[in-house]
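Q: Dropping a structure here in structure tokens format, bear with me for questions.
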Amino acid sequence: MTSTVFHELRKLFFSRFFHNESSAGGDGLETSLYQLLGLLATPGILAAMALLPTFFAISAHARAGYEWELRADRLFFAAWSFSATGFATFFEWDMLFPDRRDFLILTPFPVRPAEIFGAKLAALGMLLAGIVAATNLPSALLLPVISMGLPDARQAGLARVLAAQAASTGAAALFAFLAVAGLQGLMVNVLNPRLFRKVSPAVQMAGMSLMILSLLLFPLYSMMMRSLAAQHPDWMALFPCYWFTGLYEIFVPGPGLRFRELGWLGIRATAVAALVFCACWAAGFRRHYRRTLEAEDTAPRRRSLFPGMFDWMPDEPGERGIFRFAVRTLAGSLKHRLFLASYVSVGFSFGILSVVSLRKGQPGISAFGARAWPMLVLFFVVSGFRTAFQFPAEPACNWLFRICDTGWERAAARATRKAVLAMGILPAVTAFLPFEVWYWGIGTGLGHALFEVCAGVLLTEVLFWNFPHVPFTCAYSPGRVHLVFLAGAYLYGFTNYAFRMAELGVWLDAKGFRMIGFVLGSAVVTAAWQRLRRAGEPVRFESARPELEALDLS
Amino acid sequence: MLEICGLTKRFRSLTVVDNVSFVLRPGEITGYLGPNGSGKSTTVKMLVGLLHPSAGRILFRGRDIREDPAGFKRCLGYVPEEPNLYSYLTGLEYLQLAGRLRGLEEGGINRKANELLELLSLGEARWVPISAYSKGMKQRVLIAAALLHDPDVLIFDEAQSGLDIANGLLFRHLLQALAARGKTILYISHVLELVEKVCSRVIVIYKGRIVADDSVEGMRGLMNLPSLEEIFTQLVQQVDMAGRAGAISALIGAP
């Protein structure tokens, strides 16, 4: 293997992690890389700095049970390392092996498959090292230094604490990476190509969602940690974040043996993940190479399980065209589905935090939280669609809509809202229905579902008030000022919307006629809104003022 | 000399290329013709190593290319049908990548790449990402990458697709100049006039099988037809195209 060829291939594969087909030129590799590294490093630094007052207070006066507070703090760093690395690896899921484009371009060159294999492995190693360092290095250096005033850290010494922190967070990241990459290797070996292509996007979406859940549910499992350690339930050993918190205590012992046992379990799990990765990734590579090139491009797409289920929703031909286009684009575009899955996972996590109440470390269900949970998720679903519709699927192909545009702003608005209802609100409410029926009973549960549909439709009208676009056809990103404003509005919006709507729901539950009145009122308001919507603004296919946005003047 | 012996490709039960044999000689431009889906690109993909043949052999200078695939690829230049390129690279960066993967000297790569880009009217666009290139510009980058290492065998799969008139003319002269330097050229195209003008020999494939392999003159004489278009229509198109066009016209006028 010549070093030039290996170096070129490694560089090429590494750059491909940051440039996929959806990014068309623009920023260079370095910019993307630094942005990613900065994004990964910031939470660790901020968390370490936020712990300073607590550490100083404990250094001055070691209060009772402080060891558990410190353990929860260490759990955060392990959880962040595990979740961020896992999320990044799932995000790069399609790039873990060389893809079809790589093989089509590289195969006619005098490059052996072994060289491609070695270079790809090296690029993966560089990616892993970058993620691990960015996620953990600042906190791994900062935290031991600021914790030297603590009694147990003083006793252990700086070197030991540094090693403990680095081992705990580094192993969490390594396990996440190896487990995800090993899982793909296993799937490549076990599944036939057709099944792999079918299952792979679902696994990627589920994996990214799980990683978001594992990070955002940190407050919950952090608060449960002490009571779980006392009860020793077997299922505690299923949470990787606990393992790597325990790994710290192999170096610097804390109270109780339970966490050290979990630490050893973490080491064994990482070793198993490494073995699976080595065996399956290497074996899968050759298989992947052959079948990627020989894959049938022209296999007909399978028909939907429910063909035309929502075809009754749009009325006019233009509306029907936009509606079907939005539905088919979302069904066929993995990047849009991944984006929505991440968005919904955030809402789902906040929902779980609101619905689970802890009494003396024991989890229970809060009745008000149970009412707010679907509303929280609905907020993220509708706002997620609002944002996803603004990412163009194939921007160069929007000429079809442009040459056919004959003043159909009304059709675009109606089709967009119906698409949100069909693809977002109805599936979300249906997914919650079993929980609603189980928790509230069948009558009340069905009433809640109806209420949620109405609330979702009203929310869609509000969030899509100023949306003069055909979904997925216009690259329109708000300026920086807008983004800050939007972030604040969203934070205020989702908390207020969810909890105020939950209160309204409780009030409506008290009397049956109130619910009927709300449903009828919603229908009247929505119909009136549709009529009153200003028809003046035409459908836009380009950014409103590109020259101003380019100069960041908006 | 490149010999293709009994080349066959099956996808499950479907035979796409069926027992295809022909010889490509140095200094000769061989046209490879056939309607869409006849097996042309599949044959080429087997030649360049993108697909493994189900049966048959490819011999280069008398040796099976499977014995030394990298050695064969060092002598091969290929312009694919689809402009598969890393679109975030600039034209120059792509040529540098191609040169390095072919093990060329760094100084030579930069000099040749820059000069090729200039000659192919891409000098000003050399630092622009390929994502911003037109179809014809991408095609010219692929042509430059195929020529960078001065290969002995050249395979052009619809290489003139998207080229403007001037660059189309340049490409035609380039084919002839390369043949004059003794290069072995396989040229796939649907532009029959161009094939007729530049190719010394024409192979016609239909439904995976070779139905004709002769010089253009030889075919004209054999089939007693004046042009390659008529020969091609006679060999592979059994449908009444004028009748079909009339049916389309009638259909779009219907309610």
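The values are calculated or read from the model by the stated rules, or taken from the named source; none is laboratory data. Computed from a prediction, not measured in an experiment: that's the story for all the values here. Note: ideal-geometry Cβ built from the backbone for every residue, glycine included; neighbour counts use all protein chains shown. When the accessible area is computed, the model is the full protein with side chains, heavy atoms only, and any ligands, DNA or RNA have been set aside. Shrake-Rupley method; radii C 1.70, N 1.55, O 1.52, S 1.80 Å.
Q: Please go through region A:312-390 and write out the trypsin sites (Lys or Arg not before Pro) that DSSP classes as loop and that have at most 15 other C-beta atoms within 10 Å.
A: Numbers: sites: A:Arg320, A:Arg324, A:Arg328, A:Lys335, A:Arg337, A:Arg359, A:Lys360, A:Arg371, A:Arg386; in loops: A:Lys360.
Filter output for region A:312-390: A:Lys360.
Q: What distance in nm separates the two pseudo spin-label positions at B:Glu115 and B:Ser215, each 7 Å out from Cα along the beta-carbon direction?
A: Each label point is offset 7 Å from its Cα along the Cβ direction, giving 3.4 nm.
Q: Using amide H atoms built in the peptide plane, which far-off residues or other-chain residues are under 5 Å from B:Val211 H to H?
A: B:Val204, B:Ile205, B:Tyr206
Q: On to the next question. HN-Hα J couplings of region A:154-167 from phi, Karplus 6.51/-1.76/1.60, θ = phi - 60°, integer Hz, Gly and Pro as x?
A: For region A:154-167, the Karplus-derived couplings read 4, 5, 6, x, 4, 4, 5, 5, 4, 4, 5, 5, 5, 5 Hz, x marking Gly and Pro.
Q: Here's something else I'd like to know. Determine, from the Cβ-Cβ distance of A:Leu238 and A:Asp315 and an R0 of 60 Å, the FRET efficiency 1/(1 + (r/R0)^6), rounded to the nearest 0.05.
A: Values: r = 50 Å, r/R0 = 0.84.
Between A:Leu238 and A:Asp315 the formula returns 0.75.
Q: Now for a separate question. Using heavy-atom solvent-accessible surface (probe 1.4 Å) with all chains present, what is the largest-first order of A:Asp509, B:Asp157? Please report the intermediate quantities before stating the final value.
A: Values: A:Asp509 60, B:Asp157 5 Å².
Result of the area sort, largest leading: A:Asp509, B:Asp157.
Q: Using a Förster radius of 41 Å, what is the FRET efficiency between A:Val145 and A:Thr4 based on their Cβ-Cβ separation? Nearest 0.05, please.
A: Numbers: r = 43 Å, r/R0 = 1.04.
Between A:Val145 and A:Thr4 the formula returns 0.45.
Q: Please list, by residue number, every one of the chymotrypsin sites (Phe, Trp or Tyr not before Pro) in region A:82-128 that is coil in DSSP and has at most 10 other beta-carbon atoms within 10 Å.
A: On the way: sites: A:Phe82, A:Phe87, A:Phe90, A:Phe91, A:Trp93, A:Phe103, A:Phe117; in loops: none.
When the chymotrypsin sites (Phe, Trp or Tyr not before Pro) of region A:82-128 are filtered for loop state and at most 10 Cβ neighbours within 10 Å, nothing remains.
Q: Which distance in nm do the two modelled labels at A:Trp465 and A:Arg359 give, with both placed 7 Å along the Cα-to-Cβ direction?
A: Distance between the two pseudo-spin positions: 4.2 nm.
Q: Which residues make up the longest stretch of chain A that has no GluC sites (Glu not before Pro) in a DSSP loop with at most 13 other Cβ atoms within 10 Å?
A: Values: sites that count: A:Glu21, A:Glu296, A:Glu542.
It works out to A:22-295.
Q: To the nearest 20 debye, what is the magnitude of the charge dipole of chain A about its Cα centre, counting +1 on the Cβ of each Lys and Arg and -1 on the Cβ of each Asp and Glu?
A: Its charge dipole is roughly 800 debye.
Q: Then there is this: Which trypsin sites (Lys or Arg not before Pro) from region B:3-42 combine a DSSP loop assignment with at most 12 other Cβ atoms within 10 Å?
A: Numbers: sites: B:Lys9, B:Arg10, B:Arg12, B:Lys40; in loops: B:Arg12.
Answer in residue order: B:Arg12.
Q: What does the charge dipole of region A:3-294 about its Cα centre add up to, to the nearest 20 debye, if the Cβ of each Lys and Arg holds +1 and the Cβ of each Asp and Glu holds -1? Let's see the in-between values first.
A: Values: 23 positive and 17 negative charges, 135 e Å.
So the magnitude is around 660 debye.
Q: Under 18 Å from a point 7 Å along the Cα-to-Cβ line of A:Leu191: which residues of region A:205-220 have their amide N that close?
A: A:205-211
Q: Please give the average number of partner chain Cβ atoms lying within 10 Å of the Cβ of each residue in A:7-18, rounded to a whole number. Don't skip to the end; give the middle numbers.
A: Values: counts 1, 6, 3, 0, 2, 5, 0, 0, 3, 2, 0, 1.
Rounded to a whole number, the mean comes out at 2.
Q: Normalising by the residue count of region A:345-459, find the relative contact order in percent from Cα pairs under 8 Å and 6+ residues apart. Before the final figure, lay out the partial values.
A: Numbers: 89 pairs, mean separation 27.0, N = 115.
Contact order relative to length: 23 percent.
Q: To continue, here is another question. What distance in nm separates the two pseudo spin-label positions at B:Phe11 and A:Ala527, each 7 Å out from Cα along the beta-carbon direction?
A: 5.3
Q: Just tell me which lysines come within less than 19 Å, Cα to Cα, of B:Lys73; anything on the same chain fewer than 8 places away is out.
A: Reachable lysines: B:Lys45, B:Lys183.
Q: Over the heavy atoms of A:Val199, what accessible area does a 1.4 Å probe trace out, to the nearest 10 Å²?
A: About 50 Å², ignoring ligands and nucleic acids.
Q: In nm, what is the difference between 0.36 nm times the number of residues separating A:Thr495 and A:Arg290 and their Cα-Cα distance? Display every interim value, and only then the final one.
A: On the way: separation 205, 0.36 × 205 = 73.80 nm, distance 5.07 nm.
Result: 68.7 nm gained on full extension.
Q: Give a residue-ordered list of calculated ³J(HN,Hα) values for region B:55-62 (Karplus: 6.51 cos²θ - 1.76 cosθ + 1.60, θ = phi - 60°; whole Hz; x for Gly, Pro).
A: Values per residue, Gly and Pro as x: 7, x, 9, 10, 10, 10, 6, x Hz.
Q: To the nearest 0.05, how large is the calculated FRET efficiency for B:Met1 and B:His190 if R₀ is 30 Å and r is the Cβ-Cβ distance?
A: Details: r = 27 Å, r/R0 = 0.89.
For B:Met1 and B:His190, the calculated efficiency is 0.65.
Q: Please list the non-local residues whose amide H lies under 5 Å from the amide H of B:Tyr32, H modeled 1.01 Å from N, same-chain partners needing a gap of 5 or more.
A: B:Tyr187, B:Ile188, B:Ser189, B:Ile203
Q: How many Cβ atoms of partner chains, on average, are near each residue of A:98-110 if near means within 10 Å of its Cβ?
A: Mean shielding by partner chains, rounded to a whole number: 6.
Q: Ok, one more. Suppose a student asked you for the relative contact order of region A:141-277, using Cα pairs under 8 Å spaced at least 6 residues apart; what percent would you report?
A: Working: 107 pairs, mean separation 49.2, N = 137.
Once divided by the residue count of region A:141-277, the mean separation gives 36 percent.
Q: What list of ³J(HN,Hα) couplings, whole Hz, do you get for region A:521-527 from phi and the Karplus terms 6.51, -1.76, 1.60, once you set θ to phi - 60° and write x for glycine and proline?
A: So the Karplus estimates, Gly and Pro as x, are x, 4, 4, 5, 4, 5, 5 Hz.
Q: Additional query: Helix-only mean residue ellipticity at 222 nm, chain A, DSSP H runs n ≥ 4 weighted -39,500 (n - 2.57), per residue, nearest 500. What is it? Mind showing how you got there, number by number?
A: Values: 22 runs with 410 residues, N = 554.
Calculated from helices alone, the mean residue ellipticity at 222 nm is -25000 deg cm²/dmol.
Q: In addition: Based on the Cα coordinates of region A:317-532, what is the per residue volume of their convex hull in Å³?
A: On the way: hull volume 30.4 nm³, N = 216.
Expressed per residue, the convex hull around the Cα atoms of region A:317-532 is 141 Å³.
Q: Shifting gears a bit: Tell me, in nm to one decimal, what length is gained between B:Glu106 and B:Gln234 on full extension, where the rule is 0.36 nm per residue of separation less the Cα-Cα distance?
A: Details: separation 128, 0.36 × 128 = 46.08 nm, distance 5.11 nm.
Working it through step by step, the gained length comes to 41.0 nm.
Q: Where q = 0.11 Å⁻¹, what log10 of I(q)/I(0) comes from the Debye formula for the protein assembly as shown, counting one point per Cα?
A: Log10 I(q)/I(0), no solvent term: -1.36.
Q: What residues qualify as long-range amide H neighbours of B:Gly77, i.e. H under 5 Å apart, gap of 5 or more or another chain, H built at 1.01 Å from N?
A: Distant-sequence amide H within range of B:Gly77: B:Val153, B:Leu154, B:Ile155.
Q: Among A:Ala388, A:Trp440, A:Leu491, whose Cα lies farthest out toward the positive end of the dipole of chain A, if unit charges sit on the beta carbon of Lys, Arg (+1) and Asp, Glu (-1)?
A: The residue sitting most towards the positive pole is A:Trp440.
Q: Still on this structure, I have one more. With all protein chains present, calculate the accessible area of B:Tyr32 using a 1.4 Å probe and round the result to the nearest 10 Å².
A: 0
Q: Could you compute the net charge surrounding A:Leu191? Neighbours are other residues with a C-beta less than 10 Å from the C-beta of A:Leu191; K and R count +1, D and E count -1.
A: On the way: positive: A:Arg194, A:Arg197, A:Lys198; negative: none.
So the surrounding residues net to +3.
Q: At each listed q (0.08 Å⁻¹), what is the log10 of I(q)/I(0) that the Debye formula gives for chain B modelled as equal alpha-carbon point scatterers?
A: For the requested q values the scattering log ratios are -0.35.
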